[in-house]
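Here is the structure we will look at.
What follows is calculated from the coordinates using simple rules that are stated; it is not laboratory data. Being a predicted model, the structure only gives us computed values, none of them experimental. With ideal geometry, Cβ positions are generated from the backbone for all residues, glycine too; neighbour counts draw on all protein chains shown.
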Amino acid sequence: MWQESILLLGVALVLAVVIKSFFVQAFYIPSPSMQPGLVENDRILVQKVSYWFGGSPSRGDVVVFEDPGEWLTGEEPEPTGLTKVLSKVGLYPTGGHLVKRVIGVEGDVVECCDDQGRILVNGEPVDESDYVARPPKADRGGCVARYPGLGCDWSVGPIPEGKLFVLGDNRGASADSRAHMCPEDAETCTKSPWVDTDLVVGKVFALVWPQDRWTWVSNPGAFDAVPDSPRRPTDGAVTAMSTLPRGATVRRDAGLYGYERALRRHGIEPVAGVDEAGRGACAGPLVAGAAILPAGKAGIVPGLADSKLLTARARERCYDEVVRRAVAWSVVVVPPEECDRLGMHVANVEALRRAVAKLEVAPAYVLTDGFPVDGLGAPGLAVWKGDRVAACVAAASVLAKVTRDRLMDELHDQWPAYDFRTHKGYITSAHSEALVAHGPSPIHRMRFVNVRRAAGLEEVVVEVHEEAEEAAASVVGEVDALR
């Protein structure tokens, strides 16, 4: 009889090891980074079957993965005695892993954030209100993906093959992919925000302890509207692309003109760059610029760089040089009430499309800054920090920034109480104080939470005043004069 008991115990242990290795494994939540859904010390079950036979994690999945390298900062207690044995056979929760939500997969571009504080994946805003922890009261109205050193203005991608971008649901207490992004001004950086799909153990499917919180864990469907990552067109359709044409490569030390040269070597020209200015401002118009620079020395613009890195005087000089040298260039102004009506992200994409369409020479290829844009009339590439690494994008950035700054100077004369000449409509302490003191002007964007508060509004309200329409018409009418 005792021999049978030992045999049954041995079979049970073997089955437990097989189940843990191939089907289901128990883990515990080591931190508050996944609140409110998963609380510290919760016990969860992870199933591994979903990712068999070439399957891979989807956006919205909650996954457990091994440490990609220095992601685990705290010391976790090692199991001892009986708990160590039980964890080996899958009967006790395993530590030494991380639990996060998949936000971006291969080819995706993830961006923070739209005017409602939502992250964007491939240009589509994602409503995560059902599972993301609300920020502290003082920060409400801001973005849900704010991170120290990054704020609410960051983007990553296209995500490399076999990689994931992950975030915790409690964004204010999660050291996730954002913690491993390289600072913009870093000359060298060995950090990486990606999680290799080979490190993923499986998908969380159940919360099993405490018993009174037992529940199934499933994909919430918040990412269902996100379009697939842009691919090279195979049916003649003109779409955005996530890679350079086959055989075209750009060396890291190729300099500001490397992308255009690489494309020209493959017979692809003219190449246009397009960029915007004013997306993050809570007042004034959104401006997009597009530029095609000529090949050779004629296209080398002295002092050209990302417009945000140049002084006002240097930008003016670059603006004049770009206008003088460009094969074609354009500027498009989207007034504030249209930004309110469309929403900032949609208005931004529409402005970029209009700027490219307005070029007097049709481009064969378009470089965009940060995220892919469809509907440009030509294939193209989203370039990470494009205004710093691609000359035509930097030129477009200068056109947009100088045009907008000039317009904001003129709007300052109409509404001097807000000091638009100094901050150009962006949120500063002085601008916030003026909003509180005087309320919103007709050119403030009513979708921005600080503007709504100053107007005494609690909900998102899109209003177009007659005075705002006249001001916008005046602004648009000035563009030709600026050219």
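What to note about this one:
- Legend: ranking of residues Asp127, Asp228 from fewest to most surrounding C-beta atoms inside 10 Å; resulting order Asp228, Asp127.
- The peptide list 297-310, 436-449, 339-352, put in order of mean Cβ contacts within 10 Å with the highest first, becomes 339-352, 436-449, 297-310.
- At most 16 other Cβ within 10 Å, DSSP loop - chymotrypsin sites (Phe, Trp or Tyr not before Pro), the range 356-443: Trp384, Tyr426
- Across the cross-link table entries Lys191/Lys308; Lys100/Lys163; Lys297/Lys401, which are compared at the Cα atoms, the separations over 22 Å belong to Lys191/Lys308; Lys297/Lys401.
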